[in-house]
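Taking it in order: structure first as structure tokens, then the write-up.
The values are calculated or read from the model by the stated rules, or taken from the named source; none is laboratory data. Because the structure is a prediction, the values reported are computed rather than measured. Cβ placement follows ideal geometry from the backbone for every residue including glycine, while neighbour counts extend to all protein chains displayed.
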Amino acid sequence: MTSINSPSLGSTHINGNRLLQRLDALAEIGSTGDGGCCRVALTDEDKAGRDLVVSWMHELDLDVVVDAIGNVFGTWNVGVGAPVMTGSHIDTVRTGGKFDGNYGVLAGLEVIETCKELSITPDRPLCVAIFTDEEGARFAPDMLGSLVYVGGLALEEALDIESIDGKRLGDELVRIGYAGAAPCPGPAPHAFVELHIEQGPVLEAEDRAFGAVTGVQGISWQELTIVGQSNHAGTTPMNLRRDPAFVAAMMTVYLRDIAERFGGDQVCTVGKVDLHPNLINVIPARATITLDVRNTDEDTLRDAEHLIDTFCFQIEQDEGVSITKRQLARFEPVTFDERVIALVERRAREVDTRVKRLPSGAGHDAQMLARFCPSAMIFVPSKDGISHNAREHTEPDQLVDGANVLLRVMLDLTEMEF
Ligand code: HGY
Ligand code: MN
Ligand code: MN
């Protein structure tokens, strides 16, 4: 194995053009025509994206395994022992960009191809993973595939999850041909490192080249179904109304109030509002809204949830509605392994000294793998901090630099014992 500190590797770089070309090729699948991507989990577009990346895995003679929740693993079986794993997701939100998740998967593929091309033979296998339904936007919770992979959610329970468009997850997996044979939970890798765009404004604002990610904030997703009294918009006096749309609006304002009162890392979002019957002259019968509440501190996140519960109870009395809550996701904050964070920091600094340690505001598969093995993440900047948006952008040289850091970190991890 070429020592990681050997001069030969010092000047070794991935093939940047090949990485950028693959990112563009994958972005064509589900292209929304405005620079964005729509490959929502387990749709035909997701299948097409998976098929393309799997074809690249086969071209590299990787051992391709699909597990029972549809996670795909491309492994270069060199060396001995458990693999060093990288990867991310290629499913997107409906208004996704071309880098969220895709970048981490394709950079992992590029690292393996570069090692093969340059006859760099690590002591351990290298594996790149595509995790199913990381976004959770169609089938909640998010990071679903990696959660099942590490045993955080029972496979049978996951397969029975119903999507927002009324489909059963297991049926959709079969339909797209990715209901694999490999069992879940899967085997723990030796270590895991995920390369991802920051999706936030911090690195750009502080003119940093890389993020050595320290962990992921806690996430609470709830769906509230608010039932009132549907009635005529013109004939119903205001004092006789039991209006779910009004309550949904009050909840949205209250979430903003919580975030402003708590300050710090607290974020609260109402991203989805469905009214029934959703007609101009009818007071709605029902409003269904989603609450996305996050904080780096578990106690503070619980305080926010408690305030929301109290607000629901009170507004039910005040407005004469009934509110039922469904918890769609709940993950406590995660701290990554200091040894891997320090390695990321060191290797990133060799490429560009402007490195910052920071927590991730977004959820990632690495937060699930952290339950299973020493894990951490590498961030590159997002232009204007924009993501989950067709305008998502990272400069080509930043993308290539990030993949070069991934190359070094993965090879180092093959030589580290934990
Ligand atoms: O919701 C998230 O943070 C991630 O994009 N799934
Ligand atoms: Mn992502
Ligand atoms: Mn995302």
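A few comments on the model shown:
- GLY145 passes every criterion in (1) within 22 Å of PHE379 (Cα to Cα); (2) within 11 Å of ligand 1 (Cβ to nearest atom); (3) not acidic (Asp, Glu) apart from (2).
- The residue list THR335, THR353, THR414 contains one member that is among the hydroxyl-bearing types (Ser, Thr, Tyr) and farther than 30 Å from CYS184 by Cα, which is THR353.
- Members of the stretch 320-348 found to be without any contact (Cβ under 8 Å) to a residue 24 or more places away in the chain and surrounded by 14 or more Cβ atoms within 10 Å (Cβ to Cβ), listed by number: ARG346
- Flag if THR86 is under 23 Å from THR414 (Cβ atoms), among the polar types (S, T, N, Q) and crowded, with 18+ Cβ neighbours inside 10 Å: yes
- Residue check for SER8: in a helix (DSSP H, G or I) and modelled with pLDDT under 95: yes
Conditions tested, residue by residue: (1) away from ligand 2 (no atom under 16 Å from the Cβ); (2) not acidic (Asp, Glu).
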position	(1), (2)
LEU118	yes, yes
ARG124	yes, yes
ALA129	no, yes
MET143	no, yes
VAL148	yes, yes
GLU162	yes, no
LEU169	yes, yes
LEU173	yes, yes
PRO189	yes, yes
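- Of all residues in the stretch 164-208 being part of a helix (DSSP H, G or I) and acidic (Asp, Glu), the one that is surrounded by the fewest Cβ atoms within 10 Å (Cβ to Cβ): ASP171
- Within the stretch 99-119, being surrounded by fewer than 22 Cβ atoms within 10 Å (Cβ to Cβ) and in a loop (DSSP other than H, G, I, E, B) holds for LEU118, SER119.
- Sole residue being touching a residue at least 60 places away in the same chain (Cβ under 8 Å), more than 25 Å from PRO374 (Cα to Cα) and under 20 Å from the mean Cα position of the chain (by Cα), chosen from ARG50, ARG94, ARG39: ARG50
- Of the residues making up the stretch 369-398, those that are crowded, with 22+ Cβ neighbours inside 10 Å and hydrophobic (A, V, I, L, M, F, W, C) are LEU369, ALA370, ALA376, MET377, ILE378, PHE379, VAL380.
Every residue, every condition in (1) in contact with a Phe, Trp or Tyr (Cβ under 8 Å, 6 or more places away or on another chain); (2) within 16 Å of ligand 1 (Cβ to nearest atom), yes or no:
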| site | (1), (2) |
| --- | --- |
| VAL66 | yes, no |
| VAL93 | no, yes |
| GLU117 | no, no |
| ASP123 | no, no |
| GLY136 | yes, yes |
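- When THR414 is tested against (1) closer than 22 Å to THR121 by Cα; (2) of a type in the set (S, T, N, Q); (3) assigned to a loop (DSSP other than H, G, I, E, B), only condition (3) is not met.
- Contact map, the stretch 373-389: first residue more than 27 Å from ARG94 (Cβ to Cβ), second residue within 14 Å of ligand 1 (Cβ to nearest atom) and assigned to a helix (DSSP H, G or I), Cβ cut-off under 6 Å, separation 6 or more or different chains; pairs are SER375/ALA366.
Residue by residue, here is whether (1) part of a loop (DSSP other than H, G, I, E, B); (2) among the aromatic types (Phe, Trp, Tyr); (3) within 16 Å of ligand 2 (Cβ to nearest atom); (4) in contact with a Leu (Cβ under 6 Å, 6 or more places away or on another chain) holds:
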site	(1), (2), (3), (4)
ARG326	no, no, no, no
ARG330	no, no, no, no
ILE341	no, no, no, no
ARG346	no, no, no, no
LYS356	no, no, no, no
ALA362	yes, no, yes, no
MET368	no, no, yes, yes
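- First in the stretch 131-150 and within 19 Å of GLY166 (Cα to Cα) and of a type in the set (Lys, Arg), second anywhere and within 11 Å of ligand 1 (Cβ to nearest atom) and not in a helix (DSSP H, G or I), Cβ under 6 Å, 6 or more apart: ARG138/ALA41
- Selection from the stretch 342-378 of residues that are over 19 Å from the mean Cα position of the chain (by Cα) and of a type outside the set (D, E, K, R): ALA342, LEU343, VAL344, ALA348, VAL351, THR353, VAL355
- Residues of the stretch 136-146 satisfying the condition of being assigned to a loop (DSSP other than H, G, I, E, B), of a type outside the set (Phe, Trp, Tyr) and surrounded by 24 or more Cβ atoms within 10 Å (Cβ to Cβ): ASP142, MET143
- Residue within the stretch 211-229 that is over 23 Å from the mean Cα position of the chain (by Cα), more than 30 Å from PHE311 (Cβ to Cβ) and in the same structural domain as GLY74 (by TED's automatic domain parsing) present: no
- For the stretch 111-138, the set of residues classified as farther than 16 Å from GLY87 by Cα and under 25 Å from the mean Cα position of the chain (by Cα) consists of GLY136, ALA137, ARG138, listed by residue number.
- Qualifying residue in the stretch 396-416 (condition: in contact (Cβ under 8 Å) with a residue 24 or more places away in the chain, farther than 26 Å from GLU113 by Cα and of a type in the set (Lys, Arg)): no
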